[in-house]
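No lab work stands behind these numbers, since they all come straight from the coordinates. None of the values given here were measured: they were computed from a predicted structure. Cβ placement follows ideal geometry from the backbone for every residue including glycine, while neighbour counts extend to all protein chains displayed.
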Number of protein chains: 2
Amino acid sequence: MAQADFKVVLQEIVHAARDGAAEANREGGSFSSGKVMAYYDVLTIAMEQAEVMNIPLDEIGLEGFDPDGLLGRESPISG
Amino acid sequence: MAQADFKVVLQEIVHAARDGAAEANREGGSFSSGKVMAYYDVLTIAMEQAEVMNIPLDEIGLEGFDPDGLLGRESPISG
């Protein structure tokens, strides 16, 4: 399969996770906060791993992504 | 960058999402159910998109993955 194939799958995941996180952030509540947390997890792993692999973030739709911004409303991470 | 790079990022995401979903399923509660829902979302998109691209599921760590099994305990999707 072509190199582009894995990239496309990656882009779709990132796109869906960013959308899902933004929507869950608007919803509020415990269930939605859990969703934000999981999307945050996925997106930070994508970002960190892309950096390790020297993949520019704009190649996978992560340009301008601020993971901490996702948690700005309330931070499920403490300590 | 090499083809393998995008694949590695994808594998890492899938691995983390499967682990995260399994852990959240063990935890229970509304916050954790939200996490399961988001991981389910990410994993089903990865699976569907891989199928569209003719990527064998075992190439990205999705062999034997049953998305509905994630929601077996309680289904956040109704209707």
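A:D5 fails exactly one of the following numbered conditions: (1) at the interface with chain B (Cβ under 7 Å from one of its Cβ atoms); (2) in contact with a helix residue (DSSP H, G or I) (Cβ under 6 Å, 6 or more places away or on another chain). What is the number of that condition?
It fails just one condition, (2).
Could we say that A:V8 is hydrophobic (A, V, I, L, M, F, W, C), at negative phi and surrounded by 20 or more Cβ atoms within 10 Å (Cβ to Cβ) here?
Values: hydrophobic (A, V, I, L, M, F, W, C): yes; at negative phi: yes; surrounded by 20 or more Cβ atoms within 10 Å (Cβ to Cβ): no.
For A:V8, the condition - hydrophobic (A, V, I, L, M, F, W, C), at negative phi and surrounded by 20 or more Cβ atoms within 10 Å (Cβ to Cβ) - is not met.
Can you tell me which of A:R26, A:R18 is part of a helix (DSSP H, G or I), touching a helix residue (DSSP H, G or I) at 6+ places or on another chain (Cβ under 9 Å) and loosely packed, with under 13 Cβ neighbours inside 10 Å?
On the way: A:R18 fails: loosely packed, with under 13 Cβ neighbours inside 10 Å.
A:R26 is the lone residue from the list that is part of a helix (DSSP H, G or I), touching a helix residue (DSSP H, G or I) at 6+ places or on another chain (Cβ under 9 Å) and loosely packed, with under 13 Cβ neighbours inside 10 Å.
Give the number of residues within segment B:55-73 that are acidic (D, E) and either surrounded by 13 or more Cβ atoms within 10 Å (Cβ to Cβ) or in a helix (DSSP H, G or I) (or both). Steps first, please.
Restricting attention to segment B:55-73, the residues satisfying the condition of being acidic (D, E) are B:58-59, B:63, B:66, B:68.
Applying the additional criterion that residues be either surrounded by 13 or more Cβ atoms within 10 Å (Cβ to Cβ) or in a helix (DSSP H, G or I) (or both) yields B:58-59, B:68.
Total satisfying the criteria: 3.
Anything in segment B:35-49 that is at the interface with chain A (Cβ under 7 Å from one of its Cβ atoms) and touching a residue at least 12 places away in the same chain (Cβ under 8 Å)? List them, or say none.
Here is the first cut: in segment B:35-49, the residues at the interface with chain A (Cβ under 7 Å from one of its Cβ atoms) are B:35, B:37-39, B:41-42, B:45-46, B:49.
Within segment B:35-49, B:K35, B:M37, B:Y39, B:V42, B:A46 qualify.
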